[in-house]
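Values in this text are rule-based calculations from the coordinates and carry no lab data. Just so it is clear, the structure is predicted and the values come from calculations on it, not from any experiment. Heads up, the Cβs are rebuilt from the backbone with ideal geometry, glycines too, and the neighbour counts pull from every protein chain shown.
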């Protein structure tokens, strides 16, 4: 990048722009040859800035002085030009910075004319003109203006400020020509196809802005032209483009096609505009393929921390298999109610009791009492109810994830020190247990992959590993049970016609309403959805999940 010398600032006025027309002044080649004249300091040219006249110079006076100033500037007599201003020392430094920053080869001024009393600088006459500059990379033309003031001794001067160089040029800003500055702000955050801008998706605009700030762009090619830069060389604004460049990109794992489906899915008419969030993952590698959400409370897909309800029975089942040695065919009686730690738990209305139920059967119909009874009996020992927490951490990778690019996600929570009724409630995803759609999508992905892959949104981002791989035995049980939920269990109304799909529904109570959950996988993706105020998982989140599964 061609770096300009910092331009000095003096005065408080800002010149305005009007096109006009008399006279043209040219700078011959060889600007760096130096100058031999000195600043005009003789008494007949002295301007006293401490004694300003309240009467502006006449149009003739203002134009004459401006022509002299521009003539000296165009012929590279910068000291003389600066001597025609009210702050010569500041002006000469800035004029030199203009030349160096633009790699100036030739300079011409035209259409010099008076434009009445300045509306910006008090008691001054405005003179407008056009600038044509041959700079590094091409020719640049623009309109400009100065304000001419008079002191009480009758002498006039150009009021100096950055706008003399270019209209509106701010403090601590300068001009550069040649290769245009390329910074992080120009980078394009794109989907995995390398071209679809993530900012084109409503749910990803904030995520794209965050990634742009924190991730390193690659590729790209700077164009050439003229630009405003700040005092550390960062590009502020491109004023003229000679050759177009190509913006650098930050490639993410997002699948553009699936993201478009997700954006539509969370607005499905069956949801009746209830807040919804969904996340889809590639279960083979943990790549986040889609994030979509609605509602006024932020991104509930990755930060909507809610009780996950019966989707937690996936982890409860895994704990029963891994830590209690049970199988999918182990008894799990489904009773109307069950008492645990002096608290009575019931099933949802309409659940038919089945005293001969197995874990697989209870899982398919989502019987709460079955999992509370088995969970409390086999996984709580002498008041220690940390087994579910340990399973979530050791096998399902629960922890503080960094998905990459500075994107913040809210961690799930399955406390290791639950007490009282929460010791039983945790097994059905209630009590102090909380999760996000991102985490529950990862739970389904871990089952389908038979092992945990931490979700990431940037390819190559570090992925934490789970302390222990999922056993083939546990993976087999869970995959069979989740397939049963999709084909003949609680998710069947939405998913029973889809091949290779495994699922788990959930409904969680929250104050005066319920939230609907569903997590599922097929041969390519794992997905989870949450609908706040959903009457049930299948009749709310089920519509969202189906759309994604049928589009992958």
Rounded to the nearest 10 degrees, the helix 313-324 long axis (Cα) sits at an angle to the longest Cα principal axis of the chain of 60 degrees
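Please report the relative contact order for the chain, taking Cα pairs under 8 Å with a sequence separation of at least 6, and give it as a percent rounded to a whole number.
Values: 1421 pairs, mean separation 69.1, N = 552.
Rounded, it is 13 percent for the chain.
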Can you report the principal axis dimensions of the stretch 24-173 using only the alpha carbons, biggest first, rounded to whole angstrom? 44, 31, 30
Between the stretch 493-509 and the stretch 514-552, what's the alpha-carbon centroid distance in Å? 7 Å
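Calculate, for residue 218 and residue 408, the FRET efficiency according to 1/(1 + (r/R0)^6) with r their C-beta to C-beta distance and R0 22 Å; round to the nearest 0.05. List each step's numbers first, then the result.
Values: r = 23 Å, r/R0 = 1.06.
After rounding, the FRET efficiency stands at 0.40.
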Would the stretch 184-250 count as rounded, prolate or oblate if I go by the C-alpha gyration tensor, calling it rounded below 1.5 in a/c and otherwise prolate when a/b exceeds b/c, oblate otherwise? prolate
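Mean separation of Cα pairs under 8 Å and 6+ residues apart, divided by the residue count of the stretch 24-173: what relative contact order is that in percent? Mind dumping the intermediate values first?
Working: 306 pairs, mean separation 43.0, N = 150.
Relative contact order, the stretch 24-173: 29 percent.
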Exposure proxy order (Cβ contacts within 10 Å, fewest to most) of 367, 334: 334, 367
Between 0 and 90 degrees, rounded to the nearest ten: what's the tilt of helix 256-265 against the longest Cα principal axis of the chain? 70 degrees
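With viscosity set to 1.002 mPa s at 20 °C, what whole-number translational diffusion coefficient in µm²/s follows for the chain from Stokes-Einstein and a Kirkwood radius over Cα pairs? Kindly include the intermediate steps, with their values, before the conclusion.
Numbers: Rh = 27.9 Å.
Taking Rh from Cα pairs, D becomes 77 µm²/s.
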Computed [θ] at 222 nm, helices only, for the chain once each DSSP H run of length n ≥ 4 contributes -39500 (n - 2.57): -8000 deg cm²/dmol
Could I have the simple spin-label model distance between residue 471 and residue 382, label points 7 Å from Cα toward Cβ, reported in nm to one decimal? 2.4 nm
Can you classify the stretch 366-516 as rounded, prolate or oblate using the Cα gyration tensor, where a ≥ b ≥ c are the square roots of its eigenvalues, rounded means a/c under 1.5, and otherwise it's prolate if a/b beats b/c and oblate if not? rounded
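Could you work out how much longer the chain between residue 51 and residue 400 gets when fully extended? Use 0.36 nm per residue separation minus the Cα distance between them, nm to one decimal.
On the way: separation 349, 0.36 × 349 = 125.64 nm, distance 6.77 nm.
Length gained, residue 51 through residue 400: 118.9 nm.
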When only C-alpha pairs under 8 Å and at least 6 residues apart count, what is the relative contact order of the stretch 184-250, in percent? 37 percent
Compute the Cα gyration tensor for the stretch 207-319, then decide on rounded, prolate or oblate, letting a ≥ b ≥ c be the square roots of its eigenvalues: rounded whenever a/c is under 1.5, prolate when a/b is larger than b/c in the other cases, and oblate in all that remain. prolate
Report, to the nearest 10°, how far helix 59-74 tilts away from the longest principal axis of the Cα atoms in the chain, using its own Cα long axis and a range of 0 to 90°. 70 degrees
If R₀ is 56 angstrom, what is the calculated FRET efficiency for the pair residue 270 and residue 64, using the beta carbon separation as r and rounding to 0.05? 0.10
